[in-house]
Amino acid sequence: MSLRAELEKSVAAWAVTHFPDLPAEPWVRPCADERHGHFQTHFAMVAAKAHRLNPRELAERLAKECPPPEGWEKPTVAGAGFVNYRAGPEAVGRAVDALRQDPNLGIPRVSKPESIVMDFSSPNIAKAMHVGHIRSTLLGDSLARLLRRLGHQITRVNHLGDWGTQFGKLLLAYRAAGRPPIQADHAIDQLEDFYKKGHQEAESNPAKMDQARAELAALQDGDPERLRDWRLFCESSAAHFRNIYDRLGVRFDSIRGESAYHEDLPRVVQDLLNKQIAEVSQGAVVVRNPAIAEEPYLIRKSDGAFLYATTDLAAIQYRTEELKADRIIYVTDARQQLHFRWLFDTAKRSGCRAELEHVWFGTVLGPDRKPLKSRDGTPLKLVDLLNEAKERAAVILKSKRPDLSPEDLEAKAELLGIASLKYADQLPNRNLDYVFTWEKLLAFDGNTAPYILNAYVRTRSILRKAGLTQRPQGHVKIAQPEEELLSRLLLRFGDAVELAAADRKPHHLCGYLYELAGQYHRFFEACPVLQLPALRDSRLTLVGLTGDVLKEGLGLLGISTLEEM
Ligand code: ARG
């Protein structure tokens, strides 16, 4: 049990005995300023308010009547009615002893595991994945890892955009060019060119626009030749996506694109009409809810075409009925907030019982604070970003380790480049836009992946020096303040994981790992590990535990570690 959990237990027991009417909530939090204590509870203030008591007096009573666990100092009362607690070295040692024996490293298990569908990445066919997809892909992957680690059952779904209006324009240009073969190597470039051509033509010539619409309608009606073309587009795009997912170490349980729901759409719309949730308006079918927006939500156009929204409604049915989802989490950029508000409202009104959540994120900006673009002003392709990360990592590695073989350099540069990109992208609060800079990303001395990986590598090299491949299971003796600080930080790992998962914000975990790497550094400066026989085993245990927590924490962010740099 973590120190916080230990204290929480005794405060909660006192709270429920004396104020059984108050809801059970977490009452213990870490102190923002450790000069006041390690943890504090605001319970006295809450209870005093509810019962019109004097908060200060109630805090005094709480401090007196509710003894902290064994080995903790006497609590103190501060401010308007906080009670502050400090764990003594013995209590810290005991808690670390429990931690080192815990295969879960202090990460709790949820009491009610849910079946969760994570809908993330979901790029559109026939277009290169661009920088806009990186946050969805990485956030979705990390959230899936975090929630799974807490005990939920996760189904990772890639809801590919493989049935949208882009195919009308694409088919138009592709067929006009005589349906040439698509080369595996630059399939995406070829497809993008056709799409651009079709788009330009259709936008400048109404007759061509009609033709593009007819192409789309023919495809959606199942014309065999167009279906064959469409399949070719999908397969060649899939290879491009697969390559990126492999490099990022991201996998899916189900790649089920919009096209999979095609046949369900008429029924979905009819069902909403029957339930009088949707209505016919000027030939189109819409859902209204003035509490969301004046403009209604369009689910079938007047020409009979279905929309992104209709497909998402069908997907919710599939996921709740076939995949038995208790919860569906969608990870997309902020601009889709209105879509999801409508979608969730409509689904709920038609009886969906699963929890529906939109986890949205801001934009990646260039130095000019405009959406990050490539040098020629086109959207920055994800492959180019990955390649540049790798190249830059190689330059840095080469200067630090001129002795590396070309193969070793190549492998390490790929790992370090991708790790840096992943970390930098998850470090800012996802609800904010952030400015992307290469310098910040790869620095060895900032809040970066190289800094944290470096701390990990150091833990491993000490263990190797001591002739160990795994961490020892020694009793942890707290002899110096740096050991105490490191231990207490290690004990907070479970809370950090829980918070990142609960808030759907991996940046909480980044913050924790950065703090841990820094504290490890200070511990290492102050506490000789191998020299003092009496403390050697204890310190090696702390070193090993730090390494394991760093590795596990990075792993939850989808970042692989390396044994030496
Ligand atoms: N394909 C969409 C895009 O690239 C994202 C899809 C998100 N998932 C969903 N079920 N709507 O913007």
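Values for this structure:
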| item | result |
| --- | --- |
| Efficiency of FRET from Cβ geometry, Asp376 and Asp33, R₀ 56 Å, rounded to 0.05 | 0.65 |
| Ascending count of other beta-carbon atoms within 10 Å, so fewest first, for Glu192, Glu34 | Glu34, Glu192 |
| Candidate aspartates and glutamates for bridging to Lys373, where Cα separation is under 20 Å - those fewer than 8 sequence places away on the same chain excluded | Asp189, Glu192, Asp193, Asp333, Asp384, Glu388, Glu391, Asp425, Asp433, Glu439 |
| Principal axis box of the chain, alpha-carbon based, largest edge first, Å | 83, 69, 41 |
| Cα gyration tensor shape of region 1-94, rounded if a/c is under 1.5, else prolate or oblate by comparing a/b with b/c | prolate |
| Angstrom value of the Kirkwood radius, inverse mean 1/r, which spans all Cα pairs in region 264-417 | 19.3 Å |
| Potential extension, Thr76-Glu57 segment - 0.36 nm per residue separation minus Cα distance | 5.6 nm |
| Debye log10 I(q)/I(0) for region 443-541, one point scatterer per Cα, at q = 0.10, 0.16, 0.17 Å⁻¹ | -0.30, -0.74, -0.83 |
| Spin-label model distance (nm) - Ser302 vs Arg353, 7 Å beyond Cα toward Cβ | 4.1 nm |
| Sorted by Cβ neighbour density within 10 Å, fewest at the top, the residues His51, His240, His521 | His51, His521, His240 |
| Anchor Lys505: lysines whose Cα lies under 22 Å away (excluding residues fewer than 8 positions away in-chain) | Lys112, Lys422, Lys440, Lys551 |
| Value at 222 nm in deg cm²/dmol, rounded to 500, when DSSP H runs of n ≥ 4 in the chain each add -39,500 (n - 2.57) | -17500 deg cm²/dmol |
| The chain, relative contact order in percent, only Cα pairs under 8 angstrom and at least six apart counted | 15 percent |
| Rounded to the nearest 20 debye, dipole of region 165-276 from Cβ charges on Lys, Arg, Asp, Glu | 60 debye |
| Label-zone membership for region 310-354, site Glu295, 7 angstrom Cα→C-beta point, backbone N under 15 Å | 335-343 |
| Low-density loop cleavage sites - GluC sites (Glu not before Pro) in region 309-388, where at most 10 other Cβ are within 10 Å (DSSP) | Glu322 |
| Residues Leu139, Leu62, Leu489 arranged by fewest to most Cβ contacts within 10 Å | Leu489, Leu62, Leu139 |
| Residues Leu530 and Arg228, FRET efficiency given R0 of 60 Å [Cβ-Cβ distance, rounded to 0.05] | 0.35 |
| Principal semi-axes in Å for region 392-470 [√(5λ), Cα gyration tensor, largest first] | 26, 17, 10 |
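Every number here is computed from the coordinates shown, using simple stated rules; none is lab data. Note that the structure is a prediction, hence the values are computed from the model and not measured. Every residue, glycine as well, gets a Cβ built from its backbone with ideal geometry; the counts of neighbours run over all protein chains shown.
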